[in-house]
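Visitor: One structure is given below, represented as structure tokens, and several questions about it will come after.
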Amino acid sequence: MQKTSLALNNLRGYAIIIVVAFHSCIAYIANQPTANAAFNAPPFDWLAHPIVDSDRFVGFDLFCALQFLYMMQLMFFLSGLFVWSSLRRKGPGQFLWDRFLRLGLPFLIGVYLLMPFAYYPVYRVTAADPSWSQYFAHFYALPFTPTGPLWFLSFAFALNIFCAALYWLAPRTGEVLTRLSTKAADHPLGFCLVLAAATGLAYIPVASVTTPWQWITFGPIAFQSGFASQYAIYFFAGMVIGAVPLDRGVLRSDGPLAQRWGRWVVGALAAFVLWIVPTALSVQGPGTTLPALPIAADFGVVLYAAAACLALAAIFLRFAAVRRPIFEGVAENAYGIYLFHYFFVMWLQYALLHVSVPGVVKGAVVFGGTLVLSWGLSVAVCRTWIGNRLIGGRRVEASGRRRAESKQPAE
């Protein structure tokens, strides 16, 4: 496996671990509601804060902010990297069938079989009647279908459908993507600035009238209204970069991005400061700060997301283009961990609600327990043929040998 492929393989595993850590810690941040929201009462705040624990740790606020602003952008960027090459190899018909098996079917199974059981603890903490029969009555009476983090699968599937249609209707699009990718290969800073500008134009006007926690739902389809445009742009940015072989593009292991990894880390941290300072000043309350502060914070968001994604890529290209059993294990089971982790997060956070230990300890226990349990369940499921076909990181070749093919939900 080429060094670039190894680095991206490990980066995918890291991205999934960060998602697990974020969801594990969110119950213990200091800046959240004082009590759990009622399950069946609008505006259904439990979608953003499913379990609210009285034990808090302010360090999780900083950690979650650092991750929240780039985490899903990175996921979509990585998901887009192999789309165009896969379309070239398979054609749009086979590509969409594979995407349905990889994204659509696990999404439906997860939403309708797994999520109803994952959300029971959220109902129980405020329920007058905690019986399962009453829970299911309330759950299916909701005006939407809770999907948890599985919304990512449906959104990514929709983007894949669009790309397949584009390939079919305008096959010469690949030539444009190749030219753009070639231009970006030696100019990662320019690519970053264009990415930030594009997301800024799409995100900032919407952010002025929405909040990060506002969701749009159509049955089981859900997405964040404020961030949806960012996610789509990062997906297509990944598709641009993946239009040429990765070892010849901006993500090559010996390119300027990897060589100047330190500058990218400093730049990402500086961009985070550009967000957190005006944000901290804005939360003092209405009438106490300048009206321009929210706009300044939004500029910080788009700059930080772009810089953080490329800084992480630079770090992994420079230092993590290596084979390690632990890295390969996480990457191989990344999809399964993502698919199953929310169930364990909810139940472990609920189990610790009345345990008298510091919030930082609870967060660590939930993270460790969730990672081990979801990883173990993924391994068990992938031992079956259908499990390996849908979510596995290994593919059985015609010869009978199993080859590693680390995948993420949207590959």
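The values are calculated or read from the model by the stated rules, or taken from the named source; none is laboratory data. The model shown is predicted, which means the values in this text are computed figures rather than measured ones. Reconstructed Cβ throughout: ideal geometry from the backbone, glycine too, with neighbour counts over all protein chains shown.
Visitor: Of the residues that sit in region 232-258 and are part of a loop (DSSP other than H, G, I, E, B) and among the charged types (D, E, K, R), which one is surrounded by the most Cβ atoms within 10 Å (Cβ to Cβ)?
Guide: Here the residue is Arg252.
Visitor: Criterion first (farther than 30 Å from Arg248 by Cβ and touching a residue at least 24 places away in the same chain (Cβ under 8 Å)) does Val83 satisfy it?
Guide: Against the criterion (farther than 30 Å from Arg248 by Cβ and touching a residue at least 24 places away in the same chain (Cβ under 8 Å)), Val83 does not qualify.
Visitor: Can I ask one more? With (1) closer than 18 Å to Ser378 by Cα; (2) buried (at least 18 other Cβ atoms within 10 Å of the Cβ) as the list, and Leu101 as the residue in question, which single condition is left unmet?
Guide: With (1) closer than 18 Å to Ser378 by Cα; (2) buried (at least 18 other Cβ atoms within 10 Å of the Cβ) applied to Leu101, the lone miss is (2).
Visitor: Of the residues Phe68, Phe22, Phe76, which single one is surrounded by fewer than 17 Cβ atoms within 10 Å (Cβ to Cβ) and within 17 Å of the chain's Cα centre (by Cα)?
Guide: Going through Phe68, Phe22, Phe76 in turn, the sole match is Phe68.
Visitor: Right, something else. For region 346-363, which residues satisfy the criterion of being of a type in the set (Gly, Ala, Ser) and either surrounded by 17 or more Cβ atoms within 10 Å (Cβ to Cβ) or touching a helix residue (DSSP H, G or I) at 6+ places or on another chain (Cβ under 7 Å) (or both)?
Guide: Once the filter is applied, which keeps residues that are of a type in the set (Gly, Ala, Ser) and either surrounded by 17 or more Cβ atoms within 10 Å (Cβ to Cβ) or touching a helix residue (DSSP H, G or I) at 6+ places or on another chain (Cβ under 7 Å) (or both), region 346-363 yields Gly359, Gly363.
Visitor: Residues of region 208-231 being surrounded by fewer than 16 Cβ atoms within 10 Å (Cβ to Cβ) and not in a loop (DSSP other than H, G, I, E, B), which ones?
Guide: Those that are surrounded by fewer than 16 Cβ atoms within 10 Å (Cβ to Cβ) and not in a loop (DSSP other than H, G, I, E, B): Ile216, Phe218.
Visitor: Kindly indicate which of Pro171, Pro205, Pro116 is within 30 Å of Asp53 (Cβ to Cβ) and outside any strand (DSSP E or B).
Guide: On inspection, the qualifying residue turns out to be Pro116.
Visitor: Tell me the residue from Leu290, Leu339, Leu352 that is under 27 Å from Tyr28 (Cβ atoms) and more than 20 Å from the chain's Cα centre (by Cα), please.
Guide: Selected residue: Leu352, the only one of Leu290, Leu339, Leu352 that is under 27 Å from Tyr28 (Cβ atoms) and more than 20 Å from the chain's Cα centre (by Cα).
Visitor: Right, something else. Filter region 132-156 down to the residues that are hydroxyl-bearing (Ser, Thr, Tyr) and surrounded by 13 or more Cβ atoms within 10 Å (Cβ to Cβ), then identify the one that is farthest from Arg102 (Cα to Cα).
Guide: Tyr135
Visitor: If only one of Ala196, Ala207 is farther than 26 Å from Pro106 by Cα and either at pLDDT below 95 or in contact with a Cys (Cβ under 9 Å, 6 or more places away or on another chain) (or both), which one is it?
Guide: Selected residue: Ala207, the only one of Ala196, Ala207 that is farther than 26 Å from Pro106 by Cα and either at pLDDT below 95 or in contact with a Cys (Cβ under 9 Å, 6 or more places away or on another chain) (or both).
Visitor: Among all residue pairs at least 6 apart or on different chains, which show Cβ distances below 8 Å where the first residue, located in region 354-370, is more than 15 Å from Tyr342 (Cα to Cα) and the second is polar (S, T, N, Q) and in a helix (DSSP H, G or I)?
Guide: Partner pairs satisfying both residue conditions: Lys362/Gln349.
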